[in-house]
Amino acid sequence: MKVLLVNPPVESVAAKISTPPLGLCYLASSLKAAGHEAEILDADALDLTTAAAADEVKRHAPDVLGVTAMTPTVEAAWDLIRTARPFVSRIVLGGPHVSAVGSRVFDEAPGLIDAAVLGEGEETLPRLLAAMAEGRDEPMPGVLRPGRADPAGWPRVRDLNALPFPERASLPAGVYRHPLFGDDPVTAMITSRGCPYRCVFCDKRVCGATFRPRSPENVLAEIEDIVLNRGVRRLIIYDDLFTLDRNRVISICKGIIDRGIIITWKCEGRVNRTDAETLGWMRRAGCELIAYGVETAHPAGLEFLRKDITLEQAREAFRLTREAGIRTLGYFLLGIPGESMEDEIETVRFAIAIGADYAQFGILSPLPGTPLYDLAVEKGWLHEAPARGPAERGSRRPVILDGYWTIERLDEIARRAHRMFYFRPGYLARRALRAGSWAEVKAGARQAAKLLGWMAKPSKK
């Protein structure tokens, strides 16, 4: 069958970071391995309008249209599907939103989709298409159909090494960028799935709590393919927790060095899973930045969020990373129940004190499928509002309004946090001096301008 997989165009509040849609890339390679034709339309990266993306669907004339959606971006997916529905006979929706809400997805836009795929789709979607091609309509694990009960569960890929590398050939060339790498083209990869930690705001329905790593040899083979065959030397590793297994990380780093691969990369770490030796190998292998989830400067807030870390571990991780010559990005959350405006300002001061090179201050969001969502419903805290933070995607997002936190206070603390961190005297000058290239300086200046533009906008109620 001829399949078109679409990443719909999504509104960004301020700063847009564009990276390849790896989920669709894995689906495309798995469909091709099963004998189907598969192409990817990254309408978001191409900055297409919904109408223009629908015209591309019409031009491709696929047998099946597959669309992906996260909860914050699902409205964009529905807009595309409504517009493209006359041009295609079968439409399948996938992505984290489906796994979070289950069969309720059919109530959001009745009659628009023919099926939805739960969880990891590399094995499920080819089976669904085979059934569609043969006219079979029987229940199958991992597939939702209108008017049917949710299946008891869905399959997860047991051996990630057995998956073909994600399909990148049909992606638009040269459009993916990240501020860390200036104007250089970037790509992304996933070396493991699953995270054993229990953060209350994290939805694990897709990849689960069991850590499933690819072997170092398999990871190195894909990195070589990226560098030698794709000509890209800037890489973002999007594992939930790349640094969980230090021996595996060191093996990958040694392999990069031994094979003479010249590449710079960013990954996600955890402050209680880091040490000087591992960081040294990561730096030698080209690691430029590690992002750590710190979230708050208050032990009570860490306990509420179930982070299972301490503030001392955060201080030590940032110190060790800095001494290894690797830049740091700290993730911090604002609007935590039980914390006040003054508490969140202390969190910003903590971000500065530990020497974070960059900080992302997000509004705590109770997304469906998370323990936080269930708690917010139980407490009556759950409200929906326009997307607020500068890095948020999509038009709307759930927020917690607990009696203390209001929309006005969330807006105020978000702006104050970014102003305090990024517009300190000398901060921008120091960032420019530490930049690796003039292109990186210009990219940083563009991001600063976007941040100032966001701060100047009136808040949306």
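The values are calculated or read from the model by the stated rules, or taken from the named source; none is laboratory data. On a predicted model such as this, the values are computed, not experimentally measured, just so you know. Quick reminder, even Gly has a Cβ in these numbers, built from the backbone with ideal geometry, and neighbours come from all protein chains shown. Please note that ligands, DNA and RNA were not included when accessible areas were found on the heavy atoms of the full protein model with its side chains. Shrake-Rupley method; radii C 1.70, N 1.55, O 1.52, S 1.80 Å.
Only protein atoms count toward the accessible area here, which uses a 1.4 Å probe; on segment 1-110, the carbon and sulfur part of that area reaches 51 percent. Taking a ≥ b ≥ c as the square roots of the eigenvalues of the Cα gyration tensor, segment 74-148 is oblate, since a/c reaches 1.5 or more and a/b is not larger than b/c. Taking Cβ atoms as reference points and 12 Å as the exclusive limit, the residues near Leu244 contribute a net charge of +2, counting Lys and Arg as +1 and Asp and Glu as -1. Per atom type, segment 322-395 shows carbon and sulfur on 50% of its accessible surface, probed at 1.4 Å. Shown for the chain: cysteine residues without a partner Cβ closer than 4.7 Å, namely Cys25, Cys195, Cys207, Cys253, Cys267, Cys287.
The heavy atoms of Arg234 offer some 60 square angstrom of accessible surface to a 1.4 angstrom probe.
Taking all protein chains into account, the per residue accessible area for the chain stands at 41 Å² (1.4 Å probe).
Of all DSSP-defined beta bridges confined to the chain, some 20% are antiparallel rather than parallel.
Number of Lys pairs in the chain with C-alpha atoms less than 27 angstrom apart, excluding same-chain neighbours closer than eight positions? Total qualifying Lys-Lys pairs in the chain comes to 24. Annotation: Cα Rg of segment 227-285 relative to the compact-globule expectation 2.2 N^0.38 Å equals 1.12.
Here segment 325-390 and segment 118-187 have alpha carbon centers that stand 30 Å from each other. By a 1.4 Å probe calculation restricted to protein chains, Trp281 has an accessible surface near 60 Å², given to the nearest 10. Pairs of C-alpha atoms in the chain farther apart than 35 Å represent 30 percent of all such pairs. Heavy-atom accessible area for Asp47, with the other protein chains in place and a 1.4 Å probe, reaches approximately 110 Å². Taking the average, over residues, of other Cβ atoms within 10 Å as the packing measure, peptides 245-254, 185-194, 146-155, 287-296 rank 287-296, 185-194, 245-254, 146-155 from highest down. From most to least packed by mean Cβ count within 10 Å, the peptides 331-339, 225-233 give 331-339, 225-233.
Principal-axis analysis of the Cα atoms of the chain puts helix 341-353 at an angle of about 80° to the longest axis.
Does segment 226-381 classify as rounded, prolate or oblate by the C-alpha gyration tensor (a ≥ b ≥ c root eigenvalues; a/c under 1.5 gives rounded; else a/b over b/c gives prolate, otherwise oblate)?
Details: a/c = 2.42, a/b = 1.84, b/c = 1.32.
Prolate, because a/c is 1.5 or more and a/b exceeds b/c.
Count Lys and Arg as plus one, Asp and Glu as minus one, and take only other residues whose Cβ is under 10 Å from that of Ser99; the net charge is then 0. Under 5 Å between amide hydrogens, built in the peptide plane, is the criterion, and for Leu5 it picks out Glu39, Ile40, Leu41, Gly66 among residues at least 5 positions away or on other chains.
Helix 438-456 and the longest principal axis of the C-alpha atoms of the chain enclose an angle of approximately 90°. Ranking of His36, His383 by solvent-accessible surface, largest first: His383, His36 (1.4 Å probe, protein heavy atoms only, all chains present). Specify the angular offset, from 0 to 90 degrees and rounded to the nearest 10, of the alpha carbon long axis of helix 22-33 from the longest principal axis of the alpha carbons in the chain. That works out to roughly 30 degrees.
Summing Lys, Arg as +1 and Asp, Glu as -1, what charge do residues with Cβ under 13 Å from the Cβ of Gly231 carry, Gly231 excluded? So the surrounding residues net to +1.
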